Each structure stands twice: as structure tokens, then as C-alpha cells.
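Written out below as C-alpha cells is the structure these notes cover.
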Amino acid sequence: MALRHAGSSVLAAACCPALQLAGSGASYVTSIAAAGPTTMSQPRSSFSEVVIALGTNQGNRVDNLLDGLVCLTNHAIKLLRVSLLYETAPKYLSEQPPFLNAAVLGHTDLSPLQLLYHLKQIEKAAGRDLAGARRFGPRPLDLDIIFYGNQDVQHEVLSVPHVSWQDRAFVKAPLADLLLPDDVARGHISEPGPQASVLGKLLTAVQQWEDEGGEAQVGQPGLCRVLPIHRQIWELGHSTHICGILNVTPD
């Protein structure tokens with residue numbers, strides 16, 4: 001637990017110096033990429049917390065995720081927390097490279113459909129083929145809305161909570177990193193409004209993760225917690241990669 005809570009901030013700081021954290025899946029049709037956000041929803045005047053899952057298994061996976069994080073901040077999404085990083089086996093189509101997965105907690109004044117539009121633009125800019133790629137096949141970047149506040153959204157191009165999050169350990173493990181002990185005592189994360197906060201949804205996700213074995217699942221085949229070091233992927237928890245002593249003196 002302590003590793004998760006300390007590590008998420010370390011990962012964001014060490015891997016992406018340009019990224020500043022504030023305060024410290026969607027279903028889609030191919031036409032979504034061509035639609036403008038103003039055609040998809042009504043304007044909003046308040047912020048909602050959002051949880052977005054990230055995945056990549058094409059090209060330089062670390063760079064893909066880091067670029068994705070920066071792009072999120074450039075698309076009206078203020079990042080609050082970033083999970084640790086996980087290398088995972090492909091779930092639905094086995095004949096492809098392993099994925100790197102993570103999740104972020106942020107807040108935005110975009111509506112759910114506006115948010116979906118922006119995520120698809122980021123995926124497209126990363127090189128993902130939104131029209132002709134094989135379903136569940138390799139992709140340079142995948143961005144899924146897992147939770148949007150405490151809301152349930154049903155639309156022809158979007159379902160929130162994501163319809164498959166409960167079946168995906170590669171989503172639940174990063175989600176568990178996003179919840180801090182103080183959140184429960186405080187009763188919210190950043191947005192106190194009951195409809196704007198993801199706390200209730202996140203608590204449900206973490207409880208399911210714990211009921212299924214929690215940390216005991218990490219390190220099993222197909223789900224490893226990893227750390228990118230100079231674009232190399234180091235697995236955490238099984239061997240010591242660095243051992244050192246730091247002394248600080250007034251000199």
C-alpha cells in the first residue's frame with residue numbers, strides 16, 4: 001500500500017518532468033473522430049472528477065504513455081494523480097505484444113461526450129487507426145473513460161462506467177493506486193459535490209480488487225508492476241536493481 005501511494009507521484013515526476021499534477025472504455029463509432037465537441041453535448045459550467053485508463057503496446061510504449069499524459073493536460077483535463085505502471089498480457093487477442101497500462105485521476109469541465117471526443121483526437125494523433133484497426137488488436141495508445149464523477153452515462157457512442165472495467169485486472173490494479181486513505185476520511189477527493197466526485201465509484205473498484213486478492217495478484221503472470229528507467233522497463237518487487245545510501249550534511 002505504501003509503495004503504491006508513494007510510487008504514483010514518483011512515477012509522474014521521474015518519467016514526465018513536463019507534467020505537473022494539480023495539488024501536490026468507452027464504446028465509440030468511427031464517426032466520432034470527425035465530430036466536433038460542440039456538436040456532441042451541452043456546455044458545462046462546473047468541474048467533474050474523471051478516471052481515465054491508458055494502455056499501449058505498439059512502438060515506444062513508455063513514450064506513448066508519457067506523451068498521452070501531456071496531451072491530456074493540453075485538452076482541458078487537469079491531472080490530480082497518476083497510477084503506477086503495469087506490464088500486462090493482452091486479454092482478448094493473445095497474438096500481440098504485452099501492454100503497458102496506467103490510470104489517471106483528473107478533473108475537467110468537459111462533458112462526457114466532449115471528453116470522449118478529445119480522447120479520440122489524442123489517440124488519433126498518437127497514430128491509432130480509429131476506423132480500420134482490428135478490435136482488441138495492437139495500438140499505440142488507448143484512452144478509456146472509466147468513471148466520470150458519480151454519473152452513469154448511456155449513449156450510443158459512450159457507456160460510463162466503462163462496460164468492461166470489472167473484468168480487467170489491468171484496469172483495477174491502477175485504479176487501486178489512485179485511492180488514498182485520506183480520501184475516505186475527507187468524504188471526497190477534489191470535488192465535494194456528490195455527482196462530481198468519483199470517490200464512490202473508486203471505492204467500489206478498490207473493494208472488488210481487494211476481494212479478488214488485491215496485491216497478491218501483482219507479480220503473477222500477465223500482471224507486473226514496472227518502472228521505466230531511461231526507457232527500459234524494470235519489474236518491481238522481485239529483485240533489487242539499485243541499492244545505495246544518501247547522506248545529507250550542512251556542508
Roughly what % of Cα-Cα distances in region 41-142 sit above 21 Å, to the whole percent? 35
What figure in square angstrom, to the nearest 10, would you give for the accessible area of Y117 with a 1.4 Å probe? 40
Accessible surface of L115 - all protein chains present, 1.4 Å probe, nearest 10 Å²: 0
Considering only DSSP states other than H, G, I, E and B, which GluC sites (Glu not before Pro) in region 157-222 qualify as loop sites with at most 13 other Cβ atoms within 10 Å? E212
Dipole of region 154-244 (Lys/Arg Cβ +1, Asp/Glu Cβ -1, origin at the Cα centre): which of L236, V206, H188 lies farthest to the positive side? L236
Distance in nm between pseudo-label sites at A133 and V153 (7 Å out along the Cβ direction from Cα): 2.0
Under the definition of Cα pairs under 8 Å and six or more residues apart, what whole-number percent is the relative contact order of region 113-160? 34
Loop-resident trypsin sites (Lys or Arg not before Pro) in region 118-197 with no more than 10 other Cβ atoms inside 10 Å, DSSP not H/G/I/E/B, are R134, R135
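The values are calculated or read from the model by the stated rules, or taken from the named source; none is laboratory data. Given the structure is predicted, the values throughout are model-derived calculations rather than measurements. Positions of Cβ are generated from backbone atoms using ideal geometry, with glycine treated the same way; all protein chains shown enter the neighbour counts. For accessibility, only protein heavy atoms count, side chains too; no ligands or nucleic acids. Shrake-Rupley method; radii C 1.70, N 1.55, O 1.52, S 1.80 Å.
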